[in-house]
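See structure below.
The values are calculated or read from the model by the stated rules, or taken from the named source; none is laboratory data. If you're wondering where the values come from, they're calculated on a predicted model, not measured in any experiment. Backbone-built Cβ (ideal geometry, glycine too); neighbour counts: all protein chains shown. Only protein heavy atoms, including side chains, enter the accessible area calculation; ligands, DNA and RNA are left aside. Shrake-Rupley method; radii C 1.70, N 1.55, O 1.52, S 1.80 Å.
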Amino acid sequence: MIDLVPIALALFLGLALFFRLLHFFFAEKGPTPTDLPKGSMGWPFLGETLGFLKPHKSNSLGSFLQEHCSRYGSVFRSHLFGSPTIVSCDPELNTFILQNEQKLFQSSYPKPVRDILGKLSMMLVSGDLHKKLRSIAVSFINTTKSTPDYLLYVEKYSISAMESWKGRQQVSFLKEAKEFTLYLMLKTWLDIEPEDPPALKILEDFLTFMKGFVSLPLNVPGTPYAKAVKARARIASTLREILKEREKSKVGSSKSGVLDEILQKGNLSDEERVSVVMDLVLAGYETTSGLLSLVVYFLGQSPYVHQKLKEEHLALRRRKGEGEPLNWEDYKQMEFTSNVICESLRCGNLVKFLHRKALQDVKFKDYLIPAGWQVLPVFTASHLDPSIHENPSEFNPWRWTDPAMNRKVTPFGGGLRLCPGVELAKVETAFFLHHFVLNYRWKTKDDDFPVSYPYVDFKRGLVLEIEPIKNRMS
């Protein structure tokens with residue numbers, strides 16, 4: 001059998017020499033502005049992208065940022081995702097970037113991300129089009145979040161998920177959370193039940209889509225990225241057909257859902273309608289399942305916090321009648337639950353950074369950010385900064401009794417692009433936790449922790465050992 005190690009080593013050394021020669025002969029020799037942040041541009045073409053994207057525990061900065069911040073400071077230059085880049089781990093600069101959206105900076109994602117999300121995704125569009133699409137999403141979310149029907153769906157699907165665990169000693173929680181949130185989004189936005197034929201098809205395509213979204217962007221048949229591009233096209237096609245059928249069923253009928261009314265008022269093209277619905281489903285599916293998994297993970301690691309959370313929900317349940325559903329007022333009274341959710345977002349870092357581009361030369365403090373350069377505000381840095389948070393690595397929900405904490409943490413972005421579904425994600429997580437802490441005990445495994453890829457995943461899918469609670473009121 002051929003020994004492949006020497007061959008692989010020779011290929012690697014050959015490629016390394018090739019790229020070094022390219023760098024020597026073709027790298028720009030021009031002067032570097034003295035007020036440009038310090039840093040390293042790395043290898044030709046690749047820059048430092050592979051090091052930046054190296055997986056690490058999501059409650060840490062990772063070796064790349066730690067080493068670069070230690071060497072160059074909290075703002076440094078690099079070459080990432082094919083572009084010269086300013087990386088900011090400075091909370092003040094990050095806030096400045098978010099506050100100057102569409103003035104000094106704009107959303108600017110790499111081509112592989114644009115190709116996989118679609119050109120009309122709210123993450124990508126700017127200006128008047130972004131304002132129009134976002135206003136429609138915000139209108140629907142604000143109309144929906146506190147309605148009795150929506151809250152009943154959240155509770156019904158939470159209970160249904162847990163009833164399916166009867167007789168099981170282990171559950172792959174991240175997978176269960178993804179199913180729960182997707183089925184809830186399909187019911188909320190499109191009135192599709194989990195047992196309806198399109199539901200399973202969309203779930204399978206979304207799982208394929210997300211695997212490719214965080215993979216190496218090689219659009220070669222058989223790769224996760226190529227499969228994800230196709231899955232995205234299938235999802236869009238399925239949603240387009242669903243919207244057409246809904247439109248036909250409303251002809252001659254006085255009954256119309258909130259989504260139908262908003263989409264009609266929005267003066268949208270068919271392509272824009274599909275994109276808005278896909279953004280709503282994707283955000284509600286991926287963000288909430290990730291948040292829910294982070295909360296369950298940190299509670300499994302923090303028995304005292306877990307007990308205090310259970311006490312809050314026991315007190316709430318005792319105030320209600322047998323089988324009486326939760327409502328909006330119950331949610332507003334879940335103060336400690338809200339603190340647990342916020343602390344999970346700070347420690348778990350659901351989104352590590354955003355992609356922006358400088359529209360003109362920008363001076364901030366002593367730094368120059370050249371026009372056209374990519375800018376990456378890294379939120380993880382401020383979330384784990386010991387000068388901002390006492391013992392930042394400690395999971396401590398009580399720190400959120402300080403109202404100033406809301407200004408120190410930006411888990412959902414900010415400015416014009418603040419995630420419109422923040423409250424929905426929190427409501428769904430809170431209602432799910434209500435039933436979970438009252439009906440189950442669980443343990444997490446030490447080697448199953450949240451990992452940043454750069455979006456949060458779990459090393460082993462967050463496998464929980466579960467045990468039903470016989471007397472839920474004790």
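In the chain, a dipole from Cβ-located charges (positive for Lys and Arg, negative for Asp and Glu) runs towards its positive end, and of Asn339, Pro303, Thr49 it is Thr49 whose Cα lies farthest in that direction. Taking all protein chains as they are arranged and a probe of 1.4 Å, the heavy atoms of His68 leave approximately 20 Å² accessible to solvent.
Leaving out ligands, DNA and RNA, and with a 1.4 Å probe, what % of the accessible surface on the chain is carbon or sulfur? Result for the chain: 56 percent of the exposed heavy-atom area is carbon or sulfur. By the helix-only formula, in which each DSSP H run with n ≥ 4 contributes -39500 (n - 2.57) and the sum is divided by residues, the chain has a 222 nm mean residue ellipticity of -16500 deg cm²/dmol.
The 1.4 Å probe gives accessible areas that order Lys365, Lys408, Lys187, Lys426, largest first, as Lys365, Lys408, Lys426, Lys187. Computed from the C-beta positions of Glu271 and Lys201 and an R0 of 22 Å, the FRET efficiency is 0.60 to the nearest 0.05. Shown is the FRET efficiency for Lys459 and Arg71, computed with R0 = 30 Å from the Cβ-Cβ distance and rounded to the nearest 0.05: 0.60. Solvent-accessible surface (1.4 Å probe) assigned to Phe449 amounts to roughly 40 Å².
If the segment from Lys38 to Lys244 were pulled out straight at 0.36 nm per residue, it would be longer than the present Cα-Cα gap by 68.8 nm.
Summed over the residues of the stretch 335-474 and divided among them, the accessible surface reaches 41 Å² per residue at a probe radius of 1.4 Å.
Using the average count of surrounding beta-carbon atoms within 10 Å as a protection proxy, the listed peptides 87-99, 411-423, 212-224 rank, highest first, as 87-99, 411-423, 212-224. Surface listing: Arg168, Arg407, Arg232 arranged by accessible area from highest to lowest gives Arg407, Arg168, Arg232, probe 1.4 Å. Applying a threshold of 19 Å to the alpha-carbon distances of Lys156/Lys320; Lys178/Lys426; Lys132/Lys244; Lys119/Lys426 flags Lys132/Lys244; Lys119/Lys426 as lying beyond it.
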